[in-house]
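Participant: To start, I am sharing the structure in question, which I have written as structure tokens.
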Amino acid sequence: MTRNSSVLQIDKNSVTDVPVQSLSDLPWLLLKRLMLLQRTARSVKCSSSDGSEDSDWDDDQISAESGSPQSVNPLDILTAVFLCSDSFLQQEMIMKMSMCQFAVPLLLPNCDNNQITLMLWAMRDIVKKYRPHSLSDSRAFVEERIVLSNLPLVSFVRLGKCNISKSETLNKLLSNSQQYTDTFVHFNMDCGNINKKISNGLVEMAWYLPCGNKNIDVFPEPIAIANLRGDIQNFETQYAFLCEASTAVFVFFESQLLDTQLISVPSQKSTPELFFVGDSNDESIKATVNKLNLKKSNFIFKGKHNDADFVVKIQSKLQDAIRNNKHKMSVVRLAEIARNLGILVDEDAKECQCAKASADEIASKIKDVVQFKKEELPLQGEILMKLAKLEKEEYRLKKVGDKDIADYKKDLQMQKKKLRKEQYSKDISVTMSCFISAISTPERAYFLKWLRIALENRSHEVLPQLRELYKQKCQDVCGNKMEIAELDKKISNSSLGVEHFIREMSQIYEAVEDESLSEDKLYRKQLEHLPRLCAELLLDGFSLELLDGDSSNIPVKWLSSVFSELNTLVKSKNKIMVVTVLGVQSSGKSTLLNTMFGVQFAVSSGKCTRGAFMQLIKVADDCPAKLKCDYIVIIDTEGLKSPELAKLDNSHEHDNELATLVVGLSDVTIVNIAMENSTEMKDILQITVHAFLRMKEIGKKHKCLFVHQNVADVSAHDSNMRDRKFLLEQLDEMTQAAAKMENKLEFTKFTDVMNYDTEKDDFYIPGLWHGNPPMAPVSIGYSESVYALKKHIMEILESYESYNINEFLKWTKDLWTAVKYEKFIFSFRNSLVADAYMKLCTEYNRWEWTLRKQMHTWALESETKILNHGKFENSEKCTIEGVRCHLLHEAEVELSKGQDEMTDKIKSYYEQGEGHVELVENYRQDFINSAQSLKTELSNSITNKLDAAVSRRNVMMKMEGIKKTYMDTMENKVLKLLEDCREKKSDMSESMLDEAFEKMWQETVRTLAYTGLKPQDIMTRVLHCLRKNLHTRGSSMAQSLAQVNDLNSHGCEKFIVYKDKTSLLNKLGQMWNKIHIKLAQEMSDNLMRDCEEFVQLKRESKDDYDDTYTREILNMIDERLQAHENLKLKEDFELSLKLHICGYASRNFQDIHNQFIKENNPQTALENLKQTYRSDFIDLYCERDQCQKKADEFTTNCLKPALERYMSEVMGTEMADEMKTGENSAIFGSRITLQMSVLKNLLDESKFETYLRFIRSYETFVKDFILDKIKQHFSEENRMITLEEKILDAVIKEIQQEIEEAEKDPNKTDIKGFIQHICKKLQSRLVIPKEAVDKISTLNNANPQKFAECLQYSVKDMDKSLKASFKVRDFQSKMHRLQTKPQDVLFNRLQGCGKQCPFCTAPCEAGGKAHTKHFVSIHRPEGLGHYRFDDSEKLVTDICTSSVQSNKSFKCNDTNDRWHPYKQYSKIYPDWRIDPDPSIDASAYWKYVMAKFNEQFAKQYNAKPAKIPWGNITKTDAEKSLFFNYDNKQTKKTCLFQY
């Protein structure tokens, strides 16, 4: 016999679709598909193995009769499977067949012993819900076990051979026009034409059940249909059975056999009306009818009717017969007829009847469920609920008040002991004695099934109506809160299942096992076998209650003993993995598990899951190597309630406990969403996310799968991409919010706590039913989708490590202990204030970056236009000053437009109400002001850039004019020489041409007058700029500056900060003076380094010096001094520093100017072109084709340098953009995230020197950090090369398009016009050298069309050459060539206002630059900002956030060295907001740093080590504090700003 457990086990074929090769595999394939509710279950056949092809020339009849040796009729397979299965597998099979709307076996023939069996037991589990038209209430329905339903039975049989397919006709009879179902296997189905071998004599049964809709229902009332397979001449017993049981019998007859004796009713007990169905009427039939005196009205002939009309005729006759004959029959009553005819009844087996008697004995005592539970199951209910509450209170101490905790706990323990004694004092009820006795017998499986059936039958009398009413009331929660609460309680009290008896058994065991109650050792010994019984039941496939759904309690001692016994029973095969499902009420969770794994969790409305239940699925011996486990534990849970419903019965905690427990136990958690719109699941997901988060904290990161049920669209996965993205965003938000509440702020994304992939881990499953129940079969899409989900789960489990049963038990106990400690408070407001501010900052940063990037691109194009001014078009129409004014006006328009857009976005962001913006309304104006500030900043920057470009272009225009004069003169001379040479009669050799050219060249050069640019005294100009920079500083500065005659002696050596150049020597003592000298020196060194880099960039640009260079350097110095205004440096320090830097810069600028004049000397430039002139002259004389040569010159001398310059200007910004928007966006999203990343990096390194550099040289350190991230990012996967090629490809494409456009222009008849056209089109992007263009455009005979073709080839070669150079250069050299450094772009964007906390020097992190108050997320111990105690000289350990609420005082230069109360710090620093925070966790990060490097900081600051007042703080604590402060701490700030 095949047992149910062996079918359900996971084996190598469970999730594979290997074609069946042998007949012996067909039954297993059918079982596998049937358990998965696949409607193709009966369509099983072997795949062809011999490679032969069927021929349409074969005799169809022969084929049908003989059948393929590899083909079997589906009915034979079904019959064989039923004959080989035990009664429980038969029951499960019939249940699944009924759901698929397959006909089920009623009479099962066994051809081996010629026995027939009535399948009553096998049908016992089928429960149907339907709505007959006869019900007075249109919303009422009937729900009952189908074997108990009294229904008219209509039988269909065959006499002889008939050309009409009886079974196919029956299918059409039972189906409406919109919903055809193959209820019965028929000839035209897969293998339906194969001769039946063992299934003839099989009687199948099906039911037609109306849904209550007259437009859909075929029959208004329920009907049972029986179908006999085979000829009634061979199966008279079955025919007699059907005639006695039926209201009507339809005989599909062969005309020659109409006069047989079988046409009369064989039984006298009942007189069903006989109907005869034939193909066509003829004279012989008429004669027989007259002869036998049969009713002509009972004959139905198909004749020329189509199928639809034919079926309607049968339907009409059938309904008439039912109306005329009130005979009804239930399957239970059919058993009596069967016994009388010698037919076996499956449930007459002795063990089944013994078990039924025991179950009936218990069921007979149930008159009122509530009363029965009180009397017969007394240890649960109120007592158990009180015990559960006391146990949790013992951990949570919610009501301790001002009592002594020890006394309070002792009192709780006394109350628990009293309740246990009360349990212990109650004798085991007769019912429980009977129950324990029955499950101790071999027939316990029958007993539990009988008991479940009996209990559910009783529940069907009450619960369906209650549940339907509950569902209706829930649709209007607000109006019926109390009614819903009462209904829910009534449903709970009226529920009675086998789990209540097991629960009572567990409480009996727990009460006896309590060590404080050791009165009766014999009694205890008698109950020791109970856990083993339960363990055996688990192995038999029954479920075990993990969590009591009524009291929200876990019987730990009971479960410990059960798992211990289970471990003993399975011996070494004790490895397990766990799969759990969570979801809202009535979302199809249990059905999903039942379909996927073949388990039997409760799904009917008479009994739904309450609490959490587990079942074991065995893993076959051929699978552990792959799955690494012996059993899979399946956990089903009750539906989680929405918060509105949870408020009614205070079930928040229960749902949280349930979710936390089952998620904690799971390897894979299925979150079941019974709707396409995931937003309705938000409240449930909050619970789930909290549970996931708690598990991750204790080291378990599980797999999470989202199952979206009732989504039928085949494109659901793609079309719901946005919904999945939104769901993930919600989950991320909930994770962050939950992390704040759980104080586990290292988790910011849902994927931090769960393994979840939006592409792979979302499953869209169609609705369960294909059509309208109750006649709807299971949807093919549902079963296939569930099968795909099962395969995915198995793949996941293959990568997981299993654990043994004892480990599972320990984990369960530890987890439950943790759950009992939880308080489960859901209050998101505080944390969401911080979230709202962070989101607004992030959005603002994105808008700011968009405008910055847009204006950077615009400025680059405008700068290029100015630098190209007058090169390729007449500049007299518009002067360069006119171009500048026009561009500045355009910039102002663009910036105003950008500012307005940003302001509108800020306003729109607030108006849309997303991201809880109502919580940060106070910041609205700050961000609007920041947009205005941004416009001003960008406007100044653009003006400076354009002014510099104008200066450079003016110089270049002078040089180009001089060079043009020289080149025009030389060109005319070359053309005159060419004319003279051609007039000579004889051909000239190349040497003769060289000689003539050399003579002409020398003569011409002697005639040219040198009129190049005159060298200027750049050092004097730099000094003039310096005087202009300082002229507003007053008389003292003017007097000092007047003494400076030149810069020759300045900037020659390293700049040293001297004591007399600070203001602190006489105010705060020697120690403070040394510290500030050191800080001033570091600042000066960093500034000098930046200025050196600036000068080097200008040197590499090959441009002439311009005064804007000096102004830019002086601006850099001013900004740096302003950022370090806390050093209170003297004016003479500023003058010394500026003189030093300007002295250094002026010498370099003089070199740059001299080099520019040298390189742009017209004579030198002309001499450099000598070879080109010579070559062009000879080519023209010899009439050589110059197209390719000129094309190469144009790309090499014009396009390539222009392209390289363009790349160096745009790469930096593009790299910064990729860092901001790519995978590093989490770091560079806002200044707070950058700060957090920097601090995390520092902590990972944990080096004193690194921290010191960070504190002292914040900007330099952070820029280096950013550069490291940039290098790391662009060094991977050839990203740098990819970006370079992307930028290059865009320009190359533009160049190629302009070549094509120029080629099409008929006006471009010479190469000069052709090149001028291209250059003009590219002048907004590329700065092309004019002299090179002029030279290429002259002295040539190139054909424009041919030149265009050659130029395209040259451009391609240039493209390849540049890309090859990308691969050769290293990262450092590429970075060195960039005009704009990406680290500078990112730092400038994220540094904010640049202000530092006046006490601890931590940088401000407020959003925008125009904020009204500065704030910092993590303040540092003030000793890190150089503060020390005045008397002891020890470093100060106080933290700003604690100091500002203390009674302490401080003094510094800002207080004029007078003591000032910390509480009144805002009088000294009105722009700062330092919110009080006395919590122990505040700034644990910097406490750790100071404690770890206390000695080093003291030595560095010339102070004594601090006395560390706080306890030991670990690196882990510091890391947690980092995340906590940068998220949760921000909450407090924003709250205080808000209120």
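Participant: Look at segment 700-748 and say how many of its residues are at pLDDT 75 or above and of a type in the set (Asp, Glu).
Facilitator: Qualifying residue count for the region: 3.
Participant: Can you tell me how many residues within segment 526-558 are assigned to a helix (DSSP H, G or I), buried (at least 18 other Cβ atoms within 10 Å of the Cβ) and in contact with a strand residue (DSSP E or B) (Cβ under 7 Å, 6 or more places away or on another chain)?
Facilitator: Counting residues in segment 526-558 that are assigned to a helix (DSSP H, G or I), buried (at least 18 other Cβ atoms within 10 Å of the Cβ) and in contact with a strand residue (DSSP E or B) (Cβ under 7 Å, 6 or more places away or on another chain) gives 2.
Participant: What's the total number of residues in segment 1317-1344 that are open to solvent by 40 Å² or more (accessible area, probe 1.4 Å), at pLDDT 75 or above and assigned to a helix (DSSP H, G or I)?
Facilitator: Qualifying residue count, segment 1317-1344: 2.
Participant: Take the residues in segment 808-850 that are hydroxyl-bearing (Ser, Thr, Tyr) and within 26 Å of the chain's Cα centre (by Cα), then tell me which one is modelled with the lowest pLDDT.
Facilitator: That would be Ser827.
Participant: Within segment 42-53, does at least one residue satisfy the condition of being open to solvent by less than 80 Å² (accessible area, probe 1.4 Å), at pLDDT 70 or above and not in a loop (DSSP other than H, G, I, E, B)?
Facilitator: First, pick out the residues of segment 42-53 that are open to solvent by less than 80 Å² (accessible area, probe 1.4 Å): 42-44, 46-47, 51-52.
After this cut, where a residue has to be at pLDDT 70 or above as well, the list is 42-44, 46-47.
Of the ones still in play, those that are also not in a loop (DSSP other than H, G, I, E, B) are none.
No, the conditions are met nowhere in segment 42-53.
Participant: Next up: Look through segment 1018-1057, keep the residues that are open to solvent by less than 50 Å² (accessible area, probe 1.4 Å) and within 59 Å of the chain's Cα centre (by Cα), and return whichever of them is nearest to Phe1149 (Cα to Cα).
Facilitator: Per the stated criteria, the residue is Val1022.
Residues are listed down the side, and each one gets a yes or a no for (1) open to solvent by 20 Å² or more (accessible area, probe 1.4 Å); (2) farther than 20 Å from Asp309 by Cβ:
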site: Leu153; (1), (2): no, yes
site: Arg158; (1), (2): yes, yes
site: Asn171; (1), (2): no, no
site: Leu174; (1), (2): no, no
site: Tyr180; (1), (2): yes, no
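Participant: Check off (1) at pLDDT below 60; (2) assigned to a helix (DSSP H, G or I) for Ser24 and give me the number that stays unchecked.
Facilitator: Evaluating Ser24 over (1) at pLDDT below 60; (2) assigned to a helix (DSSP H, G or I) leaves (1) as the failure.
Participant: Let me ask something else. With the requirement that a residue be surrounded by 13 or more Cβ atoms within 10 Å (Cβ to Cβ) and either touching a strand residue (DSSP E or B) at 6+ places or on another chain (Cβ under 8 Å) or not β-branched (Val, Ile, Thr) (or both), what does segment 1283-1302 give you?
Facilitator: Filtering segment 1283-1302 for residues surrounded by 13 or more Cβ atoms within 10 Å (Cβ to Cβ) gives 1283-1285, 1287-1288, 1291-1292, 1294-1296, 1298-1299, 1301-1302.
The answer is Leu1283, Glu1284, Glu1285, Leu1288, Glu1294, Gln1296, Glu1298, Glu1301, Ala1302.
Participant: Same structure, new question: Looking at segment 782-813 only, could you name the residues that are open to solvent by 10 Å² or more (accessible area, probe 1.4 Å), under 23 Å from Leu547 (Cβ atoms) and among the aromatic types (Phe, Trp, Tyr)?
Facilitator: Tyr803, Trp811
Participant: Taking Gln61 as meeting all but one of (1) at pLDDT 50 or above; (2) closer than 29 Å to Thr183 by Cβ, write down the number of the exception.
Facilitator: Single failed check for Gln61: (1).
Participant: While we're looking at this one, here's another question. How many of the residues making up segment 1478-1500 are at pLDDT below 80, assigned to a loop (DSSP other than H, G, I, E, B) and closer than 20 Å to Leu1252 by Cα?
Facilitator: Going residue by residue through segment 1478-1500, those that are at pLDDT below 80 are 1478-1484.
Checking the rest, the ones that are also assigned to a loop (DSSP other than H, G, I, E, B) come to 1478-1483.
Pick out the ones that are also closer than 20 Å to Leu1252 by Cα and you get 1483.
Looking only at that region, the number is 1.
Participant: Of the numbered conditions (1) among the small types (Gly, Ala, Ser); (2) closer than 18 Å to Leu242 by Cα; (3) without any contact (Cβ under 8 Å) to a residue 40 or more places away in the chain, Ser167 satisfies every one except a single condition; which is it?
Facilitator: Among (1) among the small types (Gly, Ala, Ser); (2) closer than 18 Å to Leu242 by Cα; (3) without any contact (Cβ under 8 Å) to a residue 40 or more places away in the chain, Ser167 violates only (3).
Participant: Which ones in segment 489-501 are closer than 22 Å to Leu527 by Cβ and open to solvent by 20 Å² or more (accessible area, probe 1.4 Å)?
Facilitator: Listed by number, the residues that qualify are Val498, Glu499.
Participant: Would you confirm, using the coordinates I've provided, whether Asp279 is of a type in the set (D, E, K, R), at pLDDT below 90 and either within 30 Å of Pro74 (Cα to Cα) or open to solvent by 60 Å² or more (accessible area, probe 1.4 Å) (or both)? Give the steps one after another, and end with the answer.
Facilitator: Numbers: of a type in the set (D, E, K, R): yes; at pLDDT below 90: yes; either within 30 Å of Pro74 (Cα to Cα) or open to solvent by 60 Å² or more (accessible area, probe 1.4 Å) (or both): yes.
Here the answer is yes, as Asp279 does meet what is asked.
Participant: Among the residues of segment 183-211, which ones are in a strand (DSSP E or B) and among the basic types (Lys, Arg)? It would help to see each step written out before you state the result.
Facilitator: Taking segment 183-211 first, the residues in a strand (DSSP E or B) are 203-208.
Within segment 183-211, no residue meets the criteria.
Participant: While we're here: From the set of residues in segment 108-140 that are more than 21 Å from Val7 (Cβ to Cβ) and in contact with a helix residue (DSSP H, G or I) (Cβ under 6 Å, 6 or more places away or on another chain), which is most open to solvent (accessible area, probe 1.4 Å)?
Facilitator: In the first step, residues of segment 108-140 are kept if they are more than 21 Å from Val7 (Cβ to Cβ); the result is 109, 111-116, 118, 120, 127-140.
Still in the running and in contact with a helix residue (DSSP H, G or I) (Cβ under 6 Å, 6 or more places away or on another chain): 118, 120, 128.
Numbers: Leu118: 0, Leu120: 2, Lys128: 27 Å².
Only one residue tops the list, namely Lys128.
Participant: May I ask you to list the residues in segment 1364-1379 that are in a helix (DSSP H, G or I) and either in contact with an Asp or Glu (Cβ under 6 Å, 6 or more places away or on another chain) or under 21 Å from Val1333 (Cα atoms) (or both)? Steps first, answer last, please.
Facilitator: Taking segment 1364-1379 and keeping what is in a helix (DSSP H, G or I), we get 1364-1368, 1371-1377.
Selection gives Phe1366 alone.
Participant: Have a look at Tyr1144, Tyr1181 and point out the one that is modelled with pLDDT of 85 or more, of a type in the set (Phe, Trp, Tyr) and either more than 30 Å from Phe1265 (Cα to Cα) or in contact with a helix residue (DSSP H, G or I) (Cβ under 8 Å, 6 or more places away or on another chain) (or both).
Facilitator: Exactly one residue qualifies, and that residue is Tyr1144.
Participant: Which numbered condition in (1) modelled with pLDDT under 85; (2) more than 22 Å from the chain's Cα centre (by Cα); (3) charged (D, E, K, R) is the only one that Glu784 fails?
Facilitator: (1)
The values are calculated or read from the model by the stated rules, or taken from the named source; none is laboratory data. The model shown is predicted, which means the values in this text are computed figures rather than measured ones. Here the Cβ is made from the backbone with ideal geometry for all residues, glycine too, and neighbour counts use every protein chain on show. Each accessible area value is taken on the protein alone, full model and side chains, heavy atoms only, with ligands, DNA and RNA left out. Shrake-Rupley method; radii C 1.70, N 1.55, O 1.52, S 1.80 Å.
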